[in-house]
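Data block below; observations after.
Only the coordinates and a few stated rules stand behind these numbers; no lab work does. Because the structure is a prediction, the values reported are computed rather than measured. FYI the Cβ positions are ideal-geometry reconstructions off the backbone, even for glycines, and counts take in every protein chain you see.
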Amino acid sequence: MEGSSNPTAAEKQECVETVSHYVADGWAIAADPHTYIGWLAALTAETACVPFVNLARLAAHPWFQRESA
């Protein structure tokens, strides 16, 4: 999930609806929880009991940095 640093109510609603749609189809959710929209996506995924991938931690992992170099 991506979004602005100061999301509108419509962006927040779109985030929850988008995450809920993917959750219903059995997908894991990936976002950066250090952003407002990412945090909202993580919270929505956690509430639905589906896996959440923290993109900030993934990008900081040495394996990922080595592969993308």
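For residue 53, what residues show an amide H to amide H distance below 5 Å, using hydrogens built from the backbone and excluding near sequence neighbours?
Amide H neighbours of residue 53, under 5 Å, 5+ apart: 29, 30, 31.
For the ranges 20-28, 37-45, what's the packing order if you count other beta-carbon atoms within 10 Å of each residue, average per peptide, and put the highest first?
Most protected by this proxy first, the peptides run 37-45, 20-28.
Over the Cα atoms of segment 13-52, what radius of gyration and what Dmax do you get, in Å?
8.7, 25
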